[in-house]
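For reference, the structure is listed below as structure tokens.
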Amino acid sequence: MKNKPEAFTDDGYIINQPHIDGGRGERRRFRRDGAGIAAYNFLHALGREACWPSLYEALRRSRPGLSPGTSPRRLFRSLRRQDLPGLAKAAGRKRALALLADAPRAGILLYRHKSGLHYVAFRPEGEGTYRFFNAMPGNARHIERMEDFLKTHARAWPVFLIKA
């Protein structure tokens, strides 16, 4: 796989989905499927060894012949196999925000924006703020409160959150 350097931050997070190559014949499909990117960033934020090509291939193989996209349930099951302490999920804005009260080490958010559904990973940055990865392509320091992020970026249902 050939990835452009601007796809990653200096500290190793993927922030620019259009610059990631999903492999031979997969580039177009992959650019519409950010669950693997969110999983990679989530594991990286937790200090886990995250091998981007392996994650991509595992998610791709888990849905042969299916249309692009990974359901939040499938992503949660995949992460649960990683034996992550404190892994939990919530659906809906209120439940997602309530789940964050338990001080997550990192998380993944699925939300609807103007172009469709999108997964992003995040980690706490301090004082009730989070650093978001791949929410705004190319923005290596996207930091804001979750409430503000949801008001600005999440247009409508669904909102689904996974945290560890």
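The values are calculated or read from the model by the stated rules, or taken from the named source; none is laboratory data. Given the structure is predicted, the values throughout are model-derived calculations rather than measurements. Cβ atoms come from the backbone with ideal geometry, glycine included; neighbour counts cover every protein chain shown.
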Pairs where the first residue, in region 133-157, is closer than 17 Å to residue 45 by Cβ and the second is in a loop (DSSP other than H, G, I, E, B), C-beta under 6 Å, 6+ apart | 133/13; 133/15; 134/15; 140/9; 140/15; 142/135; 142/136
Taking region 135-160 and the residues there that are outside any helix (DSSP H, G or I), modelled with pLDDT of 90 or more and buried (at least 18 other Cβ atoms within 10 Å of the Cβ), the one that is farthest from the chain's Cα centre (by Cα) would be 144
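Conditions (1) part of a loop (DSSP other than H, G, I, E, B); (2) at pLDDT below 90; (3) touching a Gly at 6+ places or on another chain (Cβ under 7 Å), marked per residue:
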site	(1), (2), (3)
25	yes, yes, no
59	no, yes, yes
66	yes, yes, no
69	yes, yes, no
83	yes, yes, no
90	no, no, no
103	yes, yes, no
119	no, no, yes
Is there a residue in region 42-51 that is part of a helix (DSSP H, G or I), buried (at least 18 other Cβ atoms within 10 Å of the Cβ), among the aliphatic types (A, V, I, L, M) and modelled with pLDDT of 75 or more?
-> yes
